[in-house]
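This report refers to the structure that appears directly beneath it.
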Amino acid sequence: NKHIVSVSQFSRNELHLLFTVAQEMRLGVEREGCLDVLKGRVLCLMFFEPSTRTSSSFDTAMKRLGGQTVLISEAHSSTQKGESLEDTIRTLDQYGDAIVLRHPSDESANTAAKFSDRPIINAGNGSREHPTQAFLDLFTIREELGTVNGLTITFTGDLRYGRTVHSLCELLKHYNVTIQLVSPASLALPDKVRQTLKSRSQLGVVSTELTPEIIAKTDVLYCTRVQKERFEDPQLYEQVKNSLVVDNATLKHAKQNMIVMHPLPRNAEIAREVDDDPRAAYFRQMKYGMFVRMALLALVMTPVEEGKRRFSIV
Ligand code: CP
């Protein structure tokens, strides 16, 4: 099937096909603005958690491919009348050609895939995964630094609840990288993920502070927001919310050719003064995301025979 539930479904070759098509999409948009690859197709955008980037980039990606979109938010859906996720998915299955789903439940993407004959694309399931963000993160690193292999990637912030970190750590199994982890102890990367990095010999320094030594080794500084919405105890959130802040003083110790990334939205973890530093890649990262989502939609929604012709799918 063509459901995109987890990054673990993707081989390195499939990733590279995705990135090649994303580069084609970038050239196509720069040349023509809009394409007709998905003309006549409809994408349902089902967002049951807030979103700016993921929802609007899927929306624009589909429109730039010549298709149309329908947006369903929880607040205006029959979920308010008690309808289950299964029945909502069964409904959209009748209308659209694919469904993009963001939902607070960790199980939502798998549940949706069971009840839909149309492709389900996971746009964030609870604190578990955010596959399309991880694809665009890797694409950003490749576009900005030329390669992923050989790099030191430092994750900072909320590594416990940050689903973008979980998905990217999983995808990095395809590359030769060193991963440094910086977070308050209560927001450490889940043990299982940390053990996986260790077993792949990818785990470098683990720290509660972003020291000059850690920064000096870093090629990609991947910052994340402390996810207030996932905390059961609001006091605990207050204690850790501003524990790690990257500012110009932090970057004094950094390499000239490193990049700062963030899936966004941000709170205080990256000072506004960093925005003017050319190493701040987080706004460029958003644009790469649209090309990657265009590529993914084209690959998922194009009939197999046509896809083979257009995108060299083997
Ligand atoms: N990166 C990301 O998922 O942003 P949104 O929550 O705005 O979609």
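So that you can scan it fast, the table gives a plain yes or no per residue for (1) within 23 Å of Thr164 (Cα to Cα); (2) aromatic (Phe, Trp, Tyr); (3) more than 16 Å from the ligand (Cβ to nearest atom):
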{"residue": "Phe10", "(1), (2), (3)": "yes, yes, yes"}
{"residue": "Phe19", "(1), (2), (3)": "yes, yes, yes"}
{"residue": "Ser56", "(1), (2), (3)": "yes, no, no"}
{"residue": "Gln68", "(1), (2), (3)": "no, no, yes"}
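Against the conditions (1) within 12 Å of the chain's Cα centre (by Cα); (2) away from the ligand (no atom under 14 Å from the Cβ); (3) of a type in the set (D, E, K, R), Glu129 satisfies every one except (2). Of the helices (runs of 4 or more DSSP H) contained entirely in the range 139-246, those carrying at least 2 residues that are touching a residue at least 12 places away in the same chain (Cβ under 8 Å) and within 16 Å of the ligand (Cβ to nearest atom) fall at 163-171.
Residue-wise test of (1) closer than 16 Å to Arg225 by Cβ; (2) in contact with a Lys or Arg (Cβ under 8 Å, 6 or more places away or on another chain); (3) hydrophobic (A, V, I, L, M, F, W, C).
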| residue | (1), (2), (3) |
| --- | --- |
| Asn125 | no, yes, no |
| His130 | yes, yes, no |
| Asp137 | yes, no, no |
| Ile141 | no, no, yes |
| Gly146 | no, no, no |
| Thr152 | no, yes, no |
| Gly157 | yes, yes, no |
| Tyr161 | yes, yes, no |
| Thr164 | yes, no, no |
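Conditions (1) surrounded by 20 or more Cβ atoms within 10 Å (Cβ to Cβ); (2) in contact (Cβ under 8 Å) with a residue 24 or more places away in the chain; (3) polar (S, T, N, Q), marked per residue:
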| position | (1), (2), (3) |
| --- | --- |
| Ser6 | no, yes, yes |
| Glu24 | no, yes, no |
| Leu35 | no, yes, no |
| Met46 | yes, yes, no |
| Thr54 | yes, yes, yes |
| Glu83 | no, no, no |
| Thr91 | no, no, yes |
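For Ile120, the criteria (1) farther than 15 Å from Phe47 by Cα; (2) in contact with a His (Cβ under 6 Å, 6 or more places away or on another chain) hold in every case but one, which is (1).
So that you can scan it fast, the table gives a plain yes or no per residue for (1) at pLDDT below 95; (2) within 16 Å of the ligand (Cβ to nearest atom); (3) not hydroxyl-bearing (Ser, Thr, Tyr):
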residue: Lys255; (1), (2), (3): no, no, yes
residue: Met258; (1), (2), (3): no, no, yes
residue: Ala268; (1), (2), (3): yes, no, yes
residue: Ala281; (1), (2), (3): no, yes, yes
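The values are calculated or read from the model by the stated rules, or taken from the named source; none is laboratory data. All values reported here derive from a predicted model rather than from experimental measurement. All Cβ positions, even for glycine, are placed from backbone atoms using ideal geometry, and neighbour counts span all protein chains on display.
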